[in-house]
Amino acid sequence: MIKRQVITILTGCMLSTAWAQDYKVPVTGENETMAEGKYQPQWESLKKHKTPEWFRDAKFGIWAHWGPQCVEGSGDWMAREMYIEGSHAYKYHVEHYGHPSEFGFKDILPLFKAEKWDPDKLVERYKRLGAQYFFVLGNHHDNFDLWESKYQPWNSMNMGPKRDILDGWAKAAKKHGLPLGISFHADHAWTWYEPSQRYDVNGPKAGIYYDGKLTKEDGKGKWWEGYDPQDLYAQNHPMSDRSWANNRIHWQWAWGNGACMPTKEFVTNFYDRTLDAINRYQPDLIYFDVTVMPFDKISDCGLKIASHFYNKNPRAVMFGKVLSEEQREALTWDVERGAPNEIVKEPWQTCNCIGGWHYNTGIYERGAYKKAADVVKQLVDIVSKNGNLLLSVPLRADGTYDEKEAAVLDGIEAWMNINKESILGTRPWVKFGEGPVAEKDIKVNAQGFNDGQYTGMTAADIRFNQTKKYLYVTPLGWPEDGKIVVKSLRKGNPWFKKSVTKVELLGYGRVKAVQTADGLELQLPKPVNDIAPVLKIAK
């Protein structure tokens, strides 16, 4: 028996109650038709779809999380934070571009030129370092579509690069044989842009409203004449409860706790745009930066997108966050900047970044990118638990990465060139690892955010994975004295009953190994790579 739960939602920003299955903001489906087939927009039907084996084999993807918010280089969420008085992004914007009442995010869009962007060269580079799938940004919370969008005039063909960015990425991915993923984030523009309705409280422009409420009529004689800013900002609605509290949006991410309810037109527009991109570029993966799926509990939008996607592509992978065990049967679980500390039965993914999600000049100047060693160690850890790593490498507004990022990519490639057989196409062993970190009780915080618990892993932290023929043992660092003891492979252990007489170090050859009651004792040579040794044992 399904327990009926009452949830609190908003209609026109006034509190009301409704049954979860009533969907107060259904999509109309008048413009884009949902594909018919095996799957229906219902959880019981979507549970029949299983994460495909190709994704289980892939293990490692690269994400070009790139769009107009990279122009200023002031970090992720700059299109929101430039409207938060006193924030770093606000101060930078006012100093370099002008006050947000006069020069808003809409005015940044023409400055996003992508003048050095070479998708073919970039995707070729990502594949060379070991990526098995490639993700791109379709739109972010800034609500700007990076393709020739049918339903959003604020798009990369009409302004900025004046190029169909998704088309360029899709063609490059196809040329290099990488499955294409597209991420869609614009469903939250409704609440995310609410600071653009504010004004300065202090200073010479106190009380002067920012540009978030401008309309099409206000554009006469301006560069954006003919465009309606509300198609971008989506702020022709009252502000959410306590919207001036800057962190309140995180509590309202799942459209509760006083979030202003989106209109049917807004929700349907997101649905139409997403189906338009799916139909045009035929991705194998789609990602939403949401709790469960877009507009979960208040709309059938996400269920219909999933049904359409699964019916269109039997290879499809659709990600969701903060999923119940049942929901993980229908969607592939994504963990942001973190990982569970156990083997997960169904395939899952960590999305992470070597810096900020959007290009951040401050991170570059401080030399604060993740090191290649940290990326590789987290990849090994994630793979040992039946997961994949999707790694974002931020691009500058011109479409290039900087030399410090290049060094990180070089380091990953050098390690993968020798050791990728221990990653790609593998499966978890009976246990994921041993050592100090493996034994810690590490919890996932909301949708993730625990990767700090996995930094600093050393040779004492050992991870396992396998193929049908081999067991791979990876200490997450090189021991100073060259000695490794793998306790899980001690003589008489219940997991690997075959006597171990031969151990190969990838990139080197056979190493001395003695199996004792304490463990498999190994003597390694001097390091043959800069990150971690991988030991290969025939089963």
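The values are calculated or read from the model by the stated rules, or taken from the named source; none is laboratory data. Bear in mind that the values here come from a model prediction, so they are computed numbers and not experimental data. Glycine also receives a Cβ, built like all others from the backbone with ideal geometry; neighbour counts cover every protein chain displayed. The accessibility values were calculated without ligands, DNA or RNA, using every heavy atom of the protein model including side chains. Shrake-Rupley method; radii C 1.70, N 1.55, O 1.52, S 1.80 Å.
Mind checking the per residue accessible area of segment 101-166 for me, 1.4 Å probe, whole number of Å²?
Accessible area per residue, segment 101-166: 33 Å².
Would you be so kind as to identify which of Pro283, Thr516, Leu506 lies farthest towards the positive end of the dipole of the chain, taking Lys and Arg as +1 and Asp and Glu as -1 on Cβ and the Cα centre as origin?
My answer, from the dipole projection, is Thr516.
Compute the relative contact order of segment 57-159 as a whole-number percentage, counting only Cα pairs closer than 8 Å that sit 6 or more residues apart in sequence.
About 34 percent, as a whole number.
Express in nm, to one decimal, how much length is gained between Thr467 and Ser499 on full extension, taking 0.36 nm for each residue of separation and deducting their alpha carbon distance.
Answer, rounded to one decimal: 9.7 nm.
Would you work out the charge dipole size for segment 258-353 about its Cα centre, treating the Cβ of every Lys and Arg as +1 and the Cβ of every Asp and Glu as -1, and quote it to the nearest 20 debye?
In total the dipole reaches around 220 debye.
Using alpha-carbon positions, what is the distance between the centroids of segment 274-321 and segment 344-400, in Å?
Here the answer is 23 Å between Cα centres.
Hey, which lysines would be in cross-link range of Lys526, C-alpha to C-alpha under 23 Å, not counting anything within fewer than 8 residues on its own chain?
Lys371, Lys377, Lys420, Lys483, Lys487, Lys502, Lys512, Lys536
Roughly how far apart, in whole Å, are the Cα centres of segment 97-135 and segment 460-533?
43 Å
Please state the relative contact order of the chain as a whole percent: Cα pairs under 8 Å, 6+ residues apart?
17 percent
Need one number: nm distance between label points at Glu217 and His88, each 7 Å from Cα along Cα→Cβ, rounded to one decimal.
It works out to 4.1 nm between the two label points.
Accessible area per residue of segment 256-356 at 1.4 Å probe, in Å²?
Per-residue value: 26 Å².
For Ile208, what accessible area in Å² do you get when you roll a 1.4 Å probe over the heavy atoms of the protein chains, rounding to the nearest 10?
80 Å²
Using unit Cβ charges (K, R positive; D, E negative) and no other charged atoms, how large, in debye to the nearest 20, is the dipole of the chain about its Cα centre?
Charge dipole of the chain: 2500 debye, to the nearest 20.
For segment 385-393, in order, what is each residue's ³J(HN,Hα) by Karplus, 6.51 cos²θ - 1.76 cosθ + 1.60 with θ = phi - 60°, in whole Hz (x at glycine and Pro)?
9, 6, x, 10, 10, 9, 10, 8, 10
Suppose the chain between Gln282 and Arg242 were pulled fully straight at 0.36 nm per residue; how much longer would it get relative to their current alpha carbon spacing?
10.4 nm
Using a Förster distance of 45 Å, how high is the FRET efficiency between Asn445 and Lys174, based on the Cβ-Cβ distance and rounded to 0.05?
After rounding, the FRET efficiency stands at 0.75.
Please count, across segment 144-302, the pairs of lysine residues with Cα atoms under 26 Å apart that sit 8 or more places apart or on different chains.
Count of close lysine pairs: 24.
Once the dipole of segment 96-243 is set up with Lys and Arg at +1 and Asp and Glu at -1 on Cβ about the Cα centre, which of Gly104, His237, Ala131 lies farthest towards its positive end?
In segment 96-243, that residue is Ala131.
Determine, from the Cβ-Cβ distance of Thr458 and Lys113 and an R0 of 51 Å, the FRET efficiency 1/(1 + (r/R0)^6), rounded to the nearest 0.05.
0.70
Which of the aspartates and glutamates could a cross-linker span from Lys48 if the Cα-Cα distance has to be under 18 Å and same-chain partners fewer than 8 positions apart are dropped?
Candidates past the 8-residue exclusion: Glu36, Asp284, Glu325, Glu326, Glu329, Glu346.
Name all residues of segment 450-473 having a backbone nitrogen under 14 Å from the label point set 7 Å from the Cα of Lys487 along its Cα→Cβ direction, giving them as ranges.
460-463
Expected output is a single nm value to one decimal: the length gained when fully extending between Thr263 and Ala406, i.e. 0.36 nm times separation in residues minus the C-alpha distance. What is it?
47.1 nm
In debye, nearest 20: dipole of segment 194-318 around its Cα centre with unit charges on the Cβ of K, R (+) and D, E (-)?
140 debye
Which whole-Hz ³J(HN,Hα) couplings does segment 367-375 yield from phi under the Karplus relation 6.51 cos²θ - 1.76 cosθ + 1.60, θ = phi - 60°, glycine and proline marked x?
Karplus values, whole Hz, x for Gly and Pro: x, 9, 5, 4, 6, 4, 4, 5, 4.
So what is the relative contact order of segment 313-415, in percent, for Cα pairs below 8 Å that sit 6 or more residues apart?
Answer for segment 313-415 is 25 percent.
Calculate what fraction, in whole %, of the accessible area of the chain sits on carbon and sulfur atoms when a 1.4 Å probe is rolled over the protein chains.
Of the solvent-accessible surface of the chain, carbon and sulfur hold 49 percent.
Each residue of segment 255-272 in order: what ³J(HN,Hα) in whole Hz does its phi give by Karplus 6.51 cos²θ - 1.76 cosθ + 1.60, θ = phi - 60°, with x for Gly and Pro?
Whole-Hz 3J(HN,Hα) from phi for segment 255-272: 6, x, 6, x, 5, 5, 5, x, 7, 4, 5, 5, 5, 5, 4, 5, 4, 4.
Would you please give the FRET efficiency between Gln523 and Lys50, computed as 1/(1 + (r/R0)^6) with r the Cβ-Cβ distance and R0 = 51 Å, to the nearest 0.05?
Step by step, r from the Cβ atoms, then E = 0.70.
Under a Cβ-Cβ cut-off of 9 Å, what is the net charge of the residues other than Gly425 that fall near it, where Lys and Arg count +1 and Asp and Glu count -1?
Result for the neighbourhood of Gly425: +1.
Which value at 222 nm does the chain reach when only helices count, each DSSP H run of 4 or more adding -39,500 (n - 2.57), with the total divided by all residues and rounded to the nearest 500 deg cm²/dmol?
-6500 deg cm²/dmol
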